[in-house]
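Notes follow the structure.
The values are calculated or read from the model by the stated rules, or taken from the named source; none is laboratory data. Please read these numbers as outputs of a predicted model, since none were measured by experiment. Using ideal geometry, Cβ is built from the backbone for each residue, glycine included, and neighbour counts are taken over all protein chains shown.
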Amino acid sequence: MSVRIGEVMIQRGLLTAEQVSRILEDQAKRHRPFGELAERLFGVDPADVEQAWVEQYASITRKVDVRREPTDERALRLVDRRQAWQFRVLPLRFDGPELMVATTAENLTRALRFVSRCLTVPCYLVLTEGAMLGEALARHFPMGGLNASHLDGPISATLGLGTGD
């Protein structure tokens, strides 16, 4: 059974059980996303909603070993080296009409934003360990001496951009 975002928010002390019930009642009437209603009705910070969503998604999505997953050249060509390293994404292959993209739990939000805004095919994300992702990025998207150890640092340092993402 999947973890519900309301349960995550209760566990994190962002909402009470009564507040979650109120949101669910409102959601049934208005058909709006839970997080949006939590923000509007109870002032939950959007960053906290996003973090709760990441925790929920990470608990239900598949975990993969990218060293053992087959990769498809067509999928790899959908991103360039800089995008792969900057957004910490590894397009693996097409699964029917959808593109399977690997990232880490720590980079899930960044990866989701990238695939939803920049890729023109439907995607879903799977999770892998940082060291495995770094090794795979170095193999499939070699870039100026970057290696798996660079995945632990800030994006800007990885790409030599100075400060910020």
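Residue check: is Ala111 in the same structural domain as His140 (by TED's automatic domain parsing), touching a Lys or Arg at 6+ places or on another chain (Cβ under 8 Å) and either surrounded by fewer than 20 Cβ atoms within 10 Å (Cβ to Cβ) or within 29 Å of Leu137 (Cβ to Cβ) (or both)?
Considered against the rule, which asks whether it is in the same structural domain as His140 (by TED's automatic domain parsing), touching a Lys or Arg at 6+ places or on another chain (Cβ under 8 Å) and either surrounded by fewer than 20 Cβ atoms within 10 Å (Cβ to Cβ) or within 29 Å of Leu137 (Cβ to Cβ) (or both), Ala111 comes out as yes.
Out of (1) over 21 Å from the mean Cα position of the chain (by Cα); (2) modelled with pLDDT under 95, the odd one out for Gln51 is which?
Only one criterion is unmet by Gln51, namely (1).
Name the pairs whose Cβ atoms lie under 8 Å apart, with the first residue in segment 57-77 and closer than 29 Å to Ile5 by Cβ, the second exposed (fewer than 11 other Cβ atoms within 10 Å of the Cβ) and at pLDDT below 95, and 6 or more positions between them or separate chains?
What qualifies is Ser59/Ser2; Ile60/Ser2.
Go through segment 1-27 and give me each residue that's surrounded by fewer than 15 Cβ atoms within 10 Å (Cβ to Cβ) and of a type in the set (A, V, I, L, M).
Once the filter is applied, which keeps residues that are surrounded by fewer than 15 Cβ atoms within 10 Å (Cβ to Cβ) and of a type in the set (A, V, I, L, M), segment 1-27 yields Met1, Ala17, Leu24.
Can you tell me which of Arg88, Arg67 is buried (at least 20 other Cβ atoms within 10 Å of the Cβ), of a type in the set (D, E, K, R) and either touching a strand residue (DSSP E or B) at 6+ places or on another chain (Cβ under 7 Å) or within 12 Å of Leu133 (Cα to Cα) (or both)?
Exactly one of Arg88, Arg67 is buried (at least 20 other Cβ atoms within 10 Å of the Cβ), of a type in the set (D, E, K, R) and either touching a strand residue (DSSP E or B) at 6+ places or on another chain (Cβ under 7 Å) or within 12 Å of Leu133 (Cα to Cα) (or both), namely Arg88.
Starting from segment 139-151, keep only residues that are among the hydrophobic types (A, V, I, L, M, F, W, C), then list their pairs with residues that are at pLDDT 75 or above and part of a loop (DSSP other than H, G, I, E, B) whose Cβ atoms are within a distance under 8 Å, requiring at least 6 positions of separation or different chains.
The qualifying pairs are Phe141/Val79; Phe141/Asp80; Leu151/Arg88; Leu151/Thr104.
Hey, any hits in segment 28-39 for a residue that's outside the structural domain of Asn107 (by TED's automatic domain parsing), out of contact with any Gly (no Cβ under 6 Å at 6 or more places or on another chain), over 26 Å from Asn107 (Cα atoms) and in contact (Cβ under 8 Å) with a residue 12 or more places away in the chain?
Taking every residue of segment 28-39 in turn, none turns out to be outside the structural domain of Asn107 (by TED's automatic domain parsing), out of contact with any Gly (no Cβ under 6 Å at 6 or more places or on another chain), over 26 Å from Asn107 (Cα atoms) and in contact (Cβ under 8 Å) with a residue 12 or more places away in the chain.
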